[in-house]
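Contents: one structure, followed by commentary.
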Amino acid sequence: MATTPKISVITCSVRPEGLKLVEKALKRQTFKDFEWIIQGRDGEIPKGCVWTLNRDYNMAIAKAKGELIVSWQDYTYASPQALEKFFYYFKTEPKTLVTGVGNKYTDDSFTTQTWRDPRDRSDQGSFYPCFFCDIEWNFCSVPKAALYAVGGFDEWLDYYYGMDGYSVLDRLNLLSGWDFKIDQTNRSYSLEHSRPEDWEEKNALHGPYNERRKQYMANPVLDYLK
């Protein structure tokens with residue numbers, strides 16, 4: 001009889017080549033009680049949208065059997081203890097979202113750095129509280145109950161580039177009761193990959209998100225996950 005996994009690792013990606021590093025890391029995990037959900041684009045991009053990332057996240061979460069969601073971006077590697085660390089904090093602090101830290105590199109030798117994570121600091125210790133907006137969806141753990149509490153990712157933001165992370169985290173912060181922390185010992189290593197040319201022009205954080213946020217302030221719970 002199959003058992004229910006404790007962790008659901010979610011990777012939303014339409015780039016098969018970007019899954020190799022994730023697969024390599026997951027095969028080496030010391031914590032084995034997990035499932036890996038790869039969610040790609042389901043059909044065509046709806047008219048007016050630039051992608052379907054937030055919808056893909058909702059679809060993956062709806063499939064998830066684990067009580068803890070680990071969001072793990074494509075093109076990203078992490079240490080064999082990554083899931084073990086995330087689950088340890090979940091069992092000790094079940095209403096806490098925990099983000100790892102990670103830099104970007106040119107290739108999988110991880111020697112030539114192209115971007116340094118500004119959250120990677122030497123003056124805070126290894127595990128400490130952070131602002132809700134410091135949670136990075138590239139590599140983090142989130143109780144599944146938290147995502148259902150706010151009704152999932154905002155698919156309206158698929159009309160624009162940029163993650164829905166600020167929306168989810170903003171709304172969790174408004175609900176209160178949820179904590180946000182950084183574990184600097186849980187490190188990821190991502191490969192640099194390109195963005196669409198019109199990224200800055202169509203990034204939700206440059207205007208549309210601020211208008212949408214007014215609606216979150218009035219009602220932080222959406223209805224994408226029930």
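Worth pointing out:
- Gyration tensor verdict on the chain (Cα atoms; rounded if a/c is under 1.5, prolate if a/b is larger than b/c, oblate otherwise): rounded
- Region 78-112: trypsin sites (Lys or Arg not before Pro) in DSSP coil with no more than 13 other Cβ atoms inside 10 Å: Lys95
- Assigned charges on the beta-carbon of Lys, Arg, Asp, Glu; the chain dipole about Cα centre (debye): 620 debye
- When Trp72, Trp51 are arranged by Cβ crowding within 10 Å, least crowded first, meaning fewest neighbours, the order is Trp51, Trp72.
- With Cα atoms defining each centre, region 11-39 and region 52-76 are spaced 11 Å apart in the structure.
- Dipole size of region 33-115 about its Cα centre, with +1 on Lys/Arg Cβ and -1 on Asp/Glu Cβ: approximately 300 debye, rounded to the nearest 20.
- Straight Cα distances below 28 angstrom link Lys24 to the lysines Lys6, Lys32, Lys63, Lys65, Lys85, Lys91, Lys104, Lys144, Lys181, with same-chain residues fewer than 8 positions distant left out.
- Note that region 16-27 has calculated 3J(HN,Hα) couplings of x, 5, x, 8, 4, 5, 5, 4, 4, 5, 5, 5 Hz, one per residue in order, obtained from phi through the Karplus relation 6.51 cos²θ - 1.76 cosθ + 1.60 (θ = phi - 60°); glycine and proline are x.
- Bridge type composition, the chain - antiparallel percent by DSSP, nearest 5: 45 percent
- Ranked for footprinting exposure by Cβ neighbours inside 10 Å, fewest first, Cys12, Cys130 give Cys130, Cys12.
- Shape class of region 169-226 from the alpha-carbon gyration tensor: oblate, with a/c at 1.5 or above and b/c at least as large as a/b.
- Between the amide H of Phe127 and those of Gln184, distances stay under 5 Å, these residues lying 5 or more places away or on another chain, with hydrogens modeled in the peptide plane.
- Other-chain or far-sequence residues with amide H under 5 Å of Gln39's (modelled H): Thr11, Cys12, Ser13
- Using θ = phi - 60° in the Karplus curve 6.51 cos²θ - 1.76 cosθ + 1.60, the 3J(HN,Hα) couplings for region 146-156 round to 5, 5, 6, 4, 9, x, x, 6, 7, 5, 4 Hz; x is entered for Gly and Pro.
- Phi to ³J(HN,Hα) by Karplus 6.51 cos²θ - 1.76 cosθ + 1.60 over region 54-66, Hz, x for Gly, Pro: 5, 5, 4, 4, 4, 5, 5, 5, 5, 7, 4, 9, x
Where a number appears in this text, it was derived from the coordinates with a stated rule and is not lab data. The structure presented is a predicted model; accordingly, all values stated were derived computationally and were not measured. Cβ atoms come from the backbone with ideal geometry, glycine included; neighbour counts cover every protein chain shown.
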